[in-house]
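This report concerns only the one structure given below.
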Amino acid sequence: LWTNPQSGDEILVFQHRMAFPNRVDVVAWNMTKGELLWQHDDIEPHGNSSTQQVFLHDNKAYFQGQNTLWCFAMEDGEILWYDQYLNPIRSFMNGNVVYGELEDKIFVNADGDYFVAYYPNTGQKFYTKTGVGLSGAKMSYHNGILYYNTIFETGAKLVAMRAATGELLWEERSNLNYHSQFSGPVAIDPERGVLYASDRY
């Protein structure tokens, strides 16, 4: 949900995703006026997309397709930039986007153990990383650190990464139970400096 800073209208931006036929539309609906603001039909060339929410920042919408990232202007739906990246393992469903305020970068965990940091206004890559773990749930950003849970086939981990460099600071695995593995999003309490994560046990 985005509020237009000029008009005050509330705009809902979402994807319309179909399996038969394979198709992805991106839609912005003016909830205040009850009318369509803008729409991009069948935008994703691979016909698939991340199931995470469209990410909004600085009057822009960031949408992950299959190995792609789109940046739209929320006012009129103009495509500001687009990137297609290689994805060596998997190609859709779980990737997600967050913004790092200290770095002024957009960070994408690209559902394929492929991590990208972008300049938000141009789409130019700041860095790319592999081998840092695919996140199956939304990442959290706090004070220059990205926190997320990986879903490696060999066992999930809770990971902390330095956003400015992509350096892995630490990893934690649960040994409480054979079946336990970290999953879901990571919650941060900034006032107490406490991190919360679930290991399914």
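The values are calculated or read from the model by the stated rules, or taken from the named source; none is laboratory data. The shown structure was predicted, so the numbers you read here are calculated from the model rather than taken from an experiment. When we count neighbours, we look across all protein chains shown, and the Cβ atoms used for this are built from the backbone with ideal geometry, even at glycine. For accessibility, only protein heavy atoms count, side chains too; no ligands or nucleic acids. Shrake-Rupley method; radii C 1.70, N 1.55, O 1.52, S 1.80 Å.
Observations, loosely collected:
- Some residue of region 79-93 being crowded, with 20+ Cβ neighbours inside 10 Å and either at pLDDT 80 or above or of a type in the set (S, T, N, Q) (or both): no
- Note on region 168-189: among residues that are assigned to a loop (DSSP other than H, G, I, E, B) and crowded, with 18+ Cβ neighbours inside 10 Å, the one that is modelled with the highest pLDDT is Phe182.
- Residue match in region 142-154 (condition: loosely packed, with under 12 Cβ neighbours inside 10 Å, modelled with pLDDT under 80 and among the β-branched types (Val, Ile, Thr)): yes
- For region 100-140, a residue qualifies if it is open to solvent by 50 Å² or more (accessible area, probe 1.4 Å) and assigned to a strand (DSSP E or B), and the qualifying residues are Lys125, Phe126, Thr128, Lys129, Thr130.
- Contacts under 6 angstrom Cβ, first residue in region 1-20 being part of a loop (DSSP other than H, G, I, E, B), partner open to solvent by less than 60 Å² (accessible area, probe 1.4 Å), 6 or more apart: Asp9/Asn30
- Taken as a whole, the structure places Glu75 among residues that are closer than 28 Å to Tyr141 by Cβ, over 20 Å from the mean Cα position of the chain (by Cα) and crowded, with 17+ Cβ neighbours inside 10 Å.
- Enumeration of residues in region 29-51 that are more than 19 Å from Glu10 (Cβ to Cβ) and open to solvent by 50 Å² or more (accessible area, probe 1.4 Å): Asp41, Asp42, Pro45, His46, Thr51
- Selection status of Thr165, modelled with pLDDT of 90 or more and within 17 Å of the chain's Cα centre (by Cα): no
- Against the list (1) touching a Ser or Thr at 6+ places or on another chain (Cβ under 6 Å); (2) closer than 20 Å to Leu134 by Cβ; (3) open to solvent by less than 40 Å² (accessible area, probe 1.4 Å), the condition Val24 fails is (2).
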